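Novice: Provided herewith is a single structure, encoded as structure tokens, for subsequent inquiry.
Bear in mind that the values in this text are calculations on the coordinates, not laboratory data. Fair warning: this is a prediction, and the values are worked out from it, not measured in the lab. Virtual Cβ from ideal backbone geometry, glycine too; neighbours counted across all protein chains shown.
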Amino acid sequence: MLKEMAVSNHGPGRAEEKSVNPDNMRQDGAFDVVVISPHLDDAVLSVGALIARLVAEGRRVEVWTIFTHPPKSTKLAKDRRGFGDYITRRAEDERALARLGAGYRWLDFSERIWGEPSLSSAWHVFRTPPSAAFFANSQTLTQTIVSLLNDSAATVYVPLGIGNHYDHVEVAFASLKGLLECSAFDRLRFYEDVPYAFAAGCRRRHFIARQKKWRTWAAPVWASPILGWFFGYMAWSARGPGIDAYLPIVNSLDWSVSSEPVGAFESAKLESLAEYVSQVKASGGMKRIAPLIRRAHATLNGEPIWSAAPSRTAPETGQ
């Protein structure tokens, strides 16, 4: 039986096991595809069209969202209030995934933005720790990924960690650890983290995404220059190591990418994304986001999915 963990934020690697709360899931039966989403909306933003297509093909898809635990305090800084209303955000997630026909699980880990030591600025979520040992949830997340891979035959999609967002990097790091432990190269796939993947600066600093670039004139951000400026500032704010520094072995894996065509499912993705009203509003609404998504699909020929294969020679795992 698959289990999740309740994680202490008082130090690295401290966790307490618990069973999944049935109130935090909607299942229509056994699943054969799982999409791991760091936050509510990440899966739809990144691979919403793929989810819609897989469901249309008869696949049973579940989205497992990692960070869904509300902050302890209701008194939040103005720049963080939109992230802290989990009653609203969970309701949005239910509606969005219902549009795609996917099930869901909320795993109730706590975002870095609510953790200790407290962040002096919300932009500091793009700063990763000096060592992977500081990721309080990584051991538990790795166990969750390993259990998923060992206890099911599901194909699993996880984020690449583009953008240096603390939470995304922690999930990607744990996923890669699980991949290597289970040698599940045939079943674990990596999607590009949207919107971070649209920022040229974010792509350049990521060990894999920098292999797939676009010409300057074709950049997705030309569809929304205001969001383009925002993404540029986001990339400038990034500090700290990337996944390849924590886990050097990933540099020696054989990586390949294919673009999943969106076709008619692009509309389903955008309709689903529009359900995340609280988050969409903060980015200027669908009038800014939709053109950006469409241009990115055209530039990247769909939604890029990366795969890793073992290499004959590899450096030792780092921590």
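Novice: Just Val277, Val194, Val33 to compare: in a GNM of the chain, with alpha carbon springs under 10 Å, which one fluctuates most?
Specialist: Of Val277, Val194, Val33, the most mobile in the Gaussian network model is Val277.
Novice: Kindly identify region 123-166 as rounded, prolate or oblate by the Cα gyration tensor criterion: order the square roots of the eigenvalues as a ≥ b ≥ c, call it rounded if a/c is under 1.5, otherwise compare a/b with b/c, prolate if a/b is larger, else oblate.
Specialist: Working: a/c = 4.08, a/b = 1.83, b/c = 2.22.
Oblate shape, in that a/c is at least 1.5 and b/c is the bigger or equal ratio.
Novice: Something else now. Just to be sure I understand: with springs between alpha-carbon atoms less than 10 Å apart, which residue in Ala200, Ala218, Ala290 has the highest mean-square fluctuation in the Gaussian network model of the chain?
Specialist: Top of the fluctuation ranking is Ala218.
Novice: So for region 19-309, if I pair up every lysine 8 or more residues apart or on another chain, how many of those pairs have alpha-carbons under 29 Å apart?
Specialist: 13
Novice: Additional query: Using a simple spin-label model with points 7 Å from Cα along the Cα→Cβ vector, what separation in nm is obtained for Thr88 and Ser131?
Specialist: 4.0
Novice: Just name one of Trp123, Trp217, Val44: the one whose Cα is farthest towards the positive end of the charge dipole of the chain (beta-carbon charges, Lys/Arg +1, Asp/Glu -1).
Specialist: In the chain, that residue is Trp217.
Novice: As a test, work out the antiparallel percent of DSSP beta bridges whose residues both lie in region 19-309, rounded to the nearest 5.
Specialist: Details: 11 of 30 bridges.
Close to 35 percent.
Novice: Label-point separation (nm) for Gln211 and Ala56, each offset 7 Å from Cα along Cα-to-Cβ?
Specialist: Calculated label separation equals 2.9 nm.
Novice: A further question on this structure: With only Lys, Arg, Asp and Glu charged, each at its Cβ (+1 for the first two, -1 for the last two), find how big the charge dipole of the chain is about the Cα centre; round to the nearest 20 debye. Intermediate values should be presented prior to the final figure.
Specialist: Working: 37 positive and 33 negative charges, 231 e Å.
I would put it at about 1120 debye.
Novice: Among Ile208, Phe230, Phe185, whose Cα sits farthest toward the positive end of the charge dipole of the chain (+1 at Cβ of Lys/Arg, -1 at Cβ of Asp/Glu, about the Cα centre)?
Specialist: Phe230
Novice: What is the spin-label model distance, in nm, from Ser183 to Ser120 if the labels are put 7 Å beyond Cα along the C-beta direction?
Specialist: For the pair Ser183/Ser120, the computed spacing is 4.9 nm.
Novice: Follow-up question, since we're still on this one. Specify, per residue and in Å³, the volume enclosed by the convex hull of the alpha carbon atoms belonging to region 182-240. List each step's numbers first, then the result.
Specialist: Values: hull volume 6.3 nm³, N = 59.
About 107 Å³ per residue, rounded to a whole number.
Novice: So if a site counts as exposed when it's one of the GluC sites (Glu not before Pro), its DSSP state isn't H, G, I, E or B, and it has at most 12 other Cβ atoms within 10 Å, what's the longest stretch of the chain without one? List each step's numbers first, then the result.
Specialist: Values: sites that count: Glu57, Glu316.
The answer is 58-315.
Novice: Right, here's the next one. For Arg95 and Asn251, what does the FRET efficiency come to when R0 = 41 Å and r is the distance between their Cβ atoms, rounded to the nearest 0.05?
Specialist: Numbers: r = 40 Å, r/R0 = 0.99.
Once the sixth-power term is evaluated, E becomes 0.50.
Novice: Please say if region 19-309 is rounded, prolate or oblate, where rounded means a/c under 1.5 for a ≥ b ≥ c the square roots of the C-alpha gyration tensor eigenvalues, and otherwise the choice is prolate for a/b larger than b/c and oblate otherwise? Could the numbers behind the result be given before it?
Specialist: Values: a/c = 1.06, a/b = 1.03, b/c = 1.02.
Rounded, because the longest to shortest axis ratio a/c is under 1.5.
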